[in-house]
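All remarks here apply to the structure that follows.
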Amino acid sequence: MTNEQPIRYYRPKADFAFDISDIQNFVYDMSRCIKCKGCTWVDHTYMPGAKYMTRCPSATKYEFDAYGAYGKMRIGHAMAEGLLPWNDRALEVIYACTLCGACDVGCKRNLDLEIELSLEALRVKAVQDGVGPMPAHKKIAGNIAGQHNLYGAPHEKRRDWISAGITPAEKAEVLYFVGCTASYVNQEIAQSTAKILQAAGTKFMLLPDEWCCGNTLFSVGLLDQARELARRNLEEVRRSGAKTLLLSCAEGYRMWKVDVPKLLNISTDALGFQVVHLVEFVDEQMKNGALQMKKSLNTRLTYHDACSLSRLSEPWTPYEGKRGWMGCVEPRLKRRRGTHGIYAQPRDILKAIPGVELVEMPRTRENAFCCGAGRGTREAFPEFADWAAGQRLEEVREIGAETLITACPWCKNNFNRAVKAGGEAVQVRDISEVICASLEA
Amino acid sequence: MAISKEIYKVFEAIVGPAYVSDDPVICEGYRSGPGGYENGLGYERVMTKVPGCVIMPRTTEEVSRIVKVCYRHDIPYVPYSTGFYGPRSHPHVEDALLIDLKRMNDFILDEKHFYVEVGPGMIYSPIQEECMQHGAYVVIGGGGAQASAIANLIGDGWSPLSHRIGLPHRRILGTEMVLPDGEILRLGSLATGDDPFWGESPGPDLRGLLRGYTGLRGCLGIVTRMAIKTLPFQPERLEPTGISPNTALALPEKRIKWINFTVPSKEAQVQAMREIGHAEIAGAVTKVPLFWRAIAKAESKEDFWDLWSKENEETVANFFIVRVLLIGFTSEEQMEYDERVLMDIMTPLGGIARRTKPSDESWIKNADSAGMWLMCGGYVSVDYVIETLSQSPAHGPSYAELKKKYTPPLMPDYGDPGWFQSFELGHQGYSEFLVYWDQDDDTNAVDQFYVDTAKMNIKNRYYTSLLGPHQPLYLTGPKYGPNYHEFMLKIKNEFDPKWKSHPPVPLAHDVFVERAPWMQAMKDWESPDDLPK
């Protein structure tokens, strides 16, 4: 407020913080939902027509209002007030959700409500109340505790992805954090990423002993375990002396850029190094001439915006303040609205590949429909994850794309499962693979 | 009476077990408030209940069967399309069945005959997109792009684009509805076949059951299918641009553009609207509240209050703007001609065209009513009137005067007289008055202001639309019509003798006044002793 017009109203100022360990911090946000359902519909300006009207997988699949953010806000509010007990349906409502951020961006198109943080806080509350997470999540937590990776694969095999010709440095300014999935499941992504770095003449190192980034632990509300892992990982990266932490996994990128700082109550800037996704690196190298796409790929392709690289990827700043009259906050708050996600870079890269015809799906960028895999969804609700991928593939079919590109192994794997199950004639590839293929002229 | 297991099984048999639930978590998801249109007020706190059960039918026949079961077993029910219209679209009695119509989102566009046919789950923005792809358009009402088109058309449903085409609900064509006892009624050409292209029925035109001046909030049945007349539009694509939250349609300037004029006085505003209408040009002509400009500029609610706190009674009183949307429906030449005519009208009136962005942020496709909550969190339009173009601009200032008594808790708006515009090329004048508050304040005065506006309308002889289900029927009924309430209650008793369709509407506001202690002092009218308590 300026001093030019005295406030004629008195309201006691309420302290609050962006601290998801206490649901009370988000009661204001949950109580202000107006049921416009902007969380569910595609931004009306971009509404593509009578098909593909929604961007919330959970609300689209389960249909009852409870599964949309408007329902979850009401349910969360009632729980925060102690008026509604947990039951199996409540757990499904809270966990059969990809936390993809579509609702958060949609809500913040018009309002200033923190929907994503409220949903995260609800999962933390589920754990605090002894009912969460889901059994499949507990298994993953066990795997991480035992073998430091999601899959329970032998920890000593974490570097088995390194193939001939890939030569990480002992010491470099760029540290490639590979992540569990590219280390064990999608080694082609790790290999392509390493080759791209080498093609750009960029020395890179690996962590001497890389562990899981903690994305799933954080996402399902296991805050203590996630925080412990974040502390350990941050210490390791800082000890390495890296100036840039590079990721090829969108989920890992968001974890490092947003949620590690969130867990440790520091800002992204305070990490002490820059967090970049491969597409940011390649885009920059391409524009300064260090990388050139030479080999023609001759395909009609489309790009799927991985949620954690796009609308969820704006940097984190801790916040503590007071909320007063009309809900205004002091000190001022720069809200994360998804505006500055990584949208342009992957498209610029793909357009630079000779022979590529890039076509957009009806739902793109901040309006993209999540693949359905992330944030613990695939493990606990595989049928829902399959369904969500199928919905997205319908769009791919409709625009006649031959190749579906994404920048996250979670998306790639989930789409591949759906392609296989549906017998689709679509090739699913990670963006690192097509970049690498185009460089290898 | 809670829904028994036996009846629950019947509902499962009708729609399938996946589409009915009495789980308390599912039902909580349908709570009306505390946020939203008119929410946080006494009406929401006193009158709304969480449903006892929720069901999601897919077809008219399923709706009919559900309603018949309700009627046979005395189960109150409420139709629900998107739930956006605040507490009045939510259950008012315990253990009601909420009939969620979102799965009924069928869409057919008949390009040749210029209509679309929709179910109650279909919202406006996809309809507009489909129409524009086929050279047509609809008017997205002030309820917003997220509103169910059917609910909006049988409720309120107008916008600045009503300048050209008048009240959108006059474009309701063939319609199918389920009456309160479950009987299926087909109106217009649907009465004699399956083609909904025509609205008038062979007998009495029963579209009046859907609404009078404004809607009846589902108390006379459930509309399950409706054909809506579309209008010819210019052919160029309006390209979406920007990233959320700053998205807009880029306008092809040779075919469509907004021009904002400042004029020297209110009289000039009204004269401009009248002459633009008489010249039969423009797609929209409107004057909006000054604080909407602050909403449009603000990046956050704190920004809004920074911007708005720079205004005062003088700046508000001297804000005279006329916003005009020109559309070259047939050609670029038509657009050029219309612009020349517009300038011929505005120049002698002292109108100065201001620099206006070549884009549309709101009204054509994204009627942005959701953004109205940005700065306060609480909002309601306390009134709309459709009068003559001379009379309607007098409506806002009388509200602004009354509002002073209730500020705070109402937002300080320095006497802003609200929104007014021409309808139907100047045949009518429209005025809407909106109020804002913080729902954490003591809002009893907002409830009182709302009823006080009805009294003011009666005193000043304004023909308000917010009667029936929006104000106490026994306050307004004897003063309008006269005795329109008796006619309305006879219709209600005839079609819904057991009062199972969204009870106690249309007497809900009467009941609210009886129940809310802070409303007792407001009551200076007679009502029967047997109102439901």
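Only one of B:VAL78, B:VAL69, B:VAL46 is outside the structural domain of B:HIS509 (by TED's automatic domain parsing), among the aliphatic types (A, V, I, L, M) and more than 25 Å from B:GLU6 (Cβ to Cβ). Can you tell me which?
Numbers: B:VAL78 fails: more than 25 Å from B:GLU6 (Cβ to Cβ); B:VAL69 fails: more than 25 Å from B:GLU6 (Cβ to Cβ).
So the residue among B:VAL78, B:VAL69, B:VAL46 that is outside the structural domain of B:HIS509 (by TED's automatic domain parsing), among the aliphatic types (A, V, I, L, M) and more than 25 Å from B:GLU6 (Cβ to Cβ) is B:VAL46.
Looking at (1) of a type outside the set (S, T, N, Q); (2) within 14 Å of chain A (Cβ to nearest Cβ); (3) outside any strand (DSSP E or B), find the lone condition where B:LEU249 falls short.
Single failed check for B:LEU249: (3).
How many residues does segment A:32-43 hold that are more than 18 Å from A:GLY71 (Cβ to Cβ) and in contact with an Asp or Glu (Cβ under 8 Å, 6 or more places away or on another chain)?
Quick first cut of segment A:32-43, residues more than 18 Å from A:GLY71 (Cβ to Cβ) only: A:42-43.
Okay, now just the ones that are also in contact with an Asp or Glu (Cβ under 8 Å, 6 or more places away or on another chain), so A:43.
Adding up the residues that qualify gives 1.
Which one of B:TYR436, B:TYR384, B:TYR399 is modelled with pLDDT of 90 or more and among the aromatic types (Phe, Trp, Tyr)?
Working: B:TYR384 fails: modelled with pLDDT of 90 or more; B:TYR399 fails: modelled with pLDDT of 90 or more.
After applying the criteria, what remains is B:TYR436.
If the Cβ limit is 7 Å and pairs must be 6+ apart or interchain, which residue in segment A:142-153 that is without any contact (Cβ under 8 Å) to a residue 60 or more places away in the chain pairs with which residue that is of a type in the set (S, T, N, Q) and assigned to a helix (DSSP H, G or I)?
A:TYR151/A:ASN143; A:GLY152/A:ASN143; A:ALA153/A:GLN147
What's the number of the only condition in (1) facing chain A (nearest Cβ under 9 Å); (2) surrounded by fewer than 23 Cβ atoms within 10 Å (Cβ to Cβ) that B:PHE84 fails to meet?
(2)
Name the residues in segment A:325-360 that are assigned to a strand (DSSP E or B) and among the charged types (D, E, K, R), would you?
We begin by selecting, within segment A:325-360, every residue assigned to a strand (DSSP E or B); these are A:329-330, A:356-358.
Within segment A:325-360, A:GLU330, A:GLU357 qualify.
Would you be able to say whether some residue in segment B:278-298 is surrounded by fewer than 23 Cβ atoms within 10 Å (Cβ to Cβ), at pLDDT below 90, farther than 25 Å from A:SER31 by Cα and of a type in the set (A, V, I, L, M, F, W, C)?
yes
Regarding segment B:13-35, can at least one residue be identified that is out of contact with any helix residue (DSSP H, G or I) (no Cβ under 6 Å at 6 or more places or on another chain), over 30 Å from B:MET372 (Cα atoms), assigned to a loop (DSSP other than H, G, I, E, B) and more than 9 Å from chain A (Cβ to nearest Cβ)?
yes
Look at segment B:103-116 and say how many of its residues are surrounded by fewer than 24 Cβ atoms within 10 Å (Cβ to Cβ), within 11 Å of chain A (Cβ to nearest Cβ) and not aromatic (Phe, Trp, Tyr).
Of the residues in segment B:103-116, 5 are surrounded by fewer than 24 Cβ atoms within 10 Å (Cβ to Cβ), within 11 Å of chain A (Cβ to nearest Cβ) and not aromatic (Phe, Trp, Tyr).
Can you name the residue in segment B:388-416 that is out of contact with any His (no Cβ under 9 Å at 6 or more places or on another chain) and polar (S, T, N, Q) and, of all such residues, is surrounded by the most Cβ atoms within 10 Å (Cβ to Cβ)?
B:SER392
Quick test for you: out of B:GLY119, B:GLY143, B:GLY135, pick the one residue that is of a type in the set (Gly, Ala, Ser) and surrounded by fewer than 24 Cβ atoms within 10 Å (Cβ to Cβ). Break it down into steps so the answer makes sense when it comes.
On the way: B:GLY119 fails: surrounded by fewer than 24 Cβ atoms within 10 Å (Cβ to Cβ); B:GLY143 fails: surrounded by fewer than 24 Cβ atoms within 10 Å (Cβ to Cβ).
Of B:GLY119, B:GLY143, B:GLY135, the one residue that is of a type in the set (Gly, Ala, Ser) and surrounded by fewer than 24 Cβ atoms within 10 Å (Cβ to Cβ) is B:GLY135.
So that you can scan it fast, the table gives a plain yes or no per residue for (1) in contact (Cβ under 8 Å) with a residue 40 or more places away in the chain; (2) of a type in the set (A, V, I, L, M, F, W, C); (3) in contact with a His (Cβ under 9 Å, 6 or more places away or on another chain):
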| position | (1), (2), (3) |
| --- | --- |
| A:GLU330 | yes, no, no |
| A:ARG378 | no, no, no |
| A:PHE384 | yes, yes, no |
| A:VAL419 | no, yes, no |
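Looking at the structure I just gave you, is A:ILE75 of a type in the set (Val, Ile, Thr), in contact with a Gly (Cβ under 7 Å, 6 or more places away or on another chain) and crowded, with 20+ Cβ neighbours inside 10 Å? Lay out the reasoning, then the answer.
Working: of a type in the set (Val, Ile, Thr): yes; in contact with a Gly (Cβ under 7 Å, 6 or more places away or on another chain): yes; crowded, with 20+ Cβ neighbours inside 10 Å: yes.
Against the criterion (of a type in the set (Val, Ile, Thr), in contact with a Gly (Cβ under 7 Å, 6 or more places away or on another chain) and crowded, with 20+ Cβ neighbours inside 10 Å), A:ILE75 qualifies.
For B:LEU179, are the conditions met, namely being free of Cβ contacts under 8 Å to residues at least 60 places away in the same chain, outside the structural domain of B:ALA282 (by TED's automatic domain parsing) and touching a helix residue (DSSP H, G or I) at 6+ places or on another chain (Cβ under 8 Å)?
Working: free of Cβ contacts under 8 Å to residues at least 60 places away in the same chain: no; outside the structural domain of B:ALA282 (by TED's automatic domain parsing): yes; touching a helix residue (DSSP H, G or I) at 6+ places or on another chain (Cβ under 8 Å): yes.
In short, no.
Can you confirm whether A:ARG254 is modelled with pLDDT of 95 or more and more than 21 Å from A:ILE431 (Cα to Cα)?
Numbers: modelled with pLDDT of 95 or more: yes; more than 21 Å from A:ILE431 (Cα to Cα): no.
For A:ARG254, the condition - modelled with pLDDT of 95 or more and more than 21 Å from A:ILE431 (Cα to Cα) - is not met.
Can you confirm whether B:ASP156 is of a type in the set (D, E, K, R), in contact (Cβ under 8 Å) with a residue 60 or more places away in the chain and surrounded by 21 or more Cβ atoms within 10 Å (Cβ to Cβ)? Outline the logic, then answer.
Numbers: of a type in the set (D, E, K, R): yes; in contact (Cβ under 8 Å) with a residue 60 or more places away in the chain: yes; surrounded by 21 or more Cβ atoms within 10 Å (Cβ to Cβ): yes.
The answer is yes for B:ASP156.
With within 14 Å of another protein chain (Cβ to nearest Cβ) and either over 27 Å from B:ASP530 (Cα atoms) or surrounded by fewer than 19 Cβ atoms within 10 Å (Cβ to Cβ) (or both) as the only criterion, which of B:ASP440, B:ASP452 stands out?
Working: B:ASP452 fails: within 14 Å of another protein chain (Cβ to nearest Cβ).
Selected residue: B:ASP440, the only one of B:ASP440, B:ASP452 that is within 14 Å of another protein chain (Cβ to nearest Cβ) and either over 27 Å from B:ASP530 (Cα atoms) or surrounded by fewer than 19 Cβ atoms within 10 Å (Cβ to Cβ) (or both).
If I filter segment B:36-52 down to residues being within 11 Å of chain A (Cβ to nearest Cβ) and not β-branched (Val, Ile, Thr), which single residue comes out as nearest to A:PRO85 (Cα to Cα)?
We begin by selecting, within segment B:36-52, every residue within 11 Å of chain A (Cβ to nearest Cβ); these are B:36-40, B:50-51.
Subset that is not β-branched (Val, Ile, Thr): B:36-40, B:51.
On the way: B:GLY36: 24, B:TYR37: 28, B:GLU38: 28, B:ASN39: 24, B:GLY40: 23, B:PRO51: 17 Å.
The selected residue is B:PRO51.
Looking at segment A:333-355, which of its residues are away from chain B (no Cβ under 13 Å) and in contact (Cβ under 8 Å) with a residue 60 or more places away in the chain?
A:GLN345, A:PRO346, A:ASP348, A:ILE349, A:LEU350, A:ALA352, A:ILE353, A:PRO354
If we only count helices (runs of 4 or more DSSP H) wholly inside segment A:181-275, which ones have 1 or more residues that are free of Cβ contacts under 8 Å to residues at least 12 places away in the same chain? Spell out how you get there, then give the answer.
Working: elements: A:187-199, A:215-219, A:223-240, A:250-254, A:260-264.
Correct list: A:223-240.
Please enumerate the residues belonging to segment A:208-258 that are within 15 Å of the chain's Cα centre (by Cα) and farther than 21 Å from A:LYS139 by Cβ.
A:LEU247, A:SER248, A:ALA250, A:TYR253, A:ARG254, A:TRP256, A:LYS257, A:VAL258
So which residues in segment A:361-386 are within 14 Å of another protein chain (Cβ to nearest Cβ), out of contact with any Ser or Thr (no Cβ under 9 Å at 6 or more places or on another chain) and either part of a helix (DSSP H, G or I) or charged (D, E, K, R) (or both), if there are any at all?
Correct list: A:GLU383 only.
What number of residues within segment B:208-229 are in contact (Cβ under 8 Å) with a residue 60 or more places away in the chain, of a type outside the set (Phe, Trp, Tyr), in a loop (DSSP other than H, G, I, E, B) and closer than 18 Å to B:GLY141 by Cα? Walk me through it before giving the result.
Here is the first cut: in segment B:208-229, the ones in contact (Cβ under 8 Å) with a residue 60 or more places away in the chain are B:209, B:212-229.
From the residues that got through so far, the ones that are of a type outside the set (Phe, Trp, Tyr) too are B:209, B:212, B:214-229.
Of the ones still in play, those that are also in a loop (DSSP other than H, G, I, E, B) are B:212, B:214, B:216-221.
If we keep only those that are closer than 18 Å to B:GLY141 by Cα as well, we get B:212, B:214, B:216-217.
The number of residues fulfilling the criteria is 4.
Which of (1) modelled with pLDDT of 90 or more; (2) of a type in the set (Ser, Thr, Tyr); (3) buried (at least 21 other Cβ atoms within 10 Å of the Cβ) does B:SER431 not meet, given it meets every other one?
Here B:SER431 meets the rest and fails (1).
What is the residue count in segment A:423-438 for residues that are among the acidic types (Asp, Glu) and assigned to a strand (DSSP E or B)?
To start, the set of residues in segment A:423-438 that are among the acidic types (Asp, Glu) comprises A:424, A:430, A:433.
Retained after the next criterion (residues that are assigned to a strand (DSSP E or B)): A:430.
Looking only at that region, the number is 1.
The values are calculated or read from the model by the stated rules, or taken from the named source; none is laboratory data. If you're wondering where the values come from, they're calculated on a predicted model, not measured in any experiment. Backbone-built Cβ (ideal geometry, glycine too); neighbour counts: all protein chains shown.
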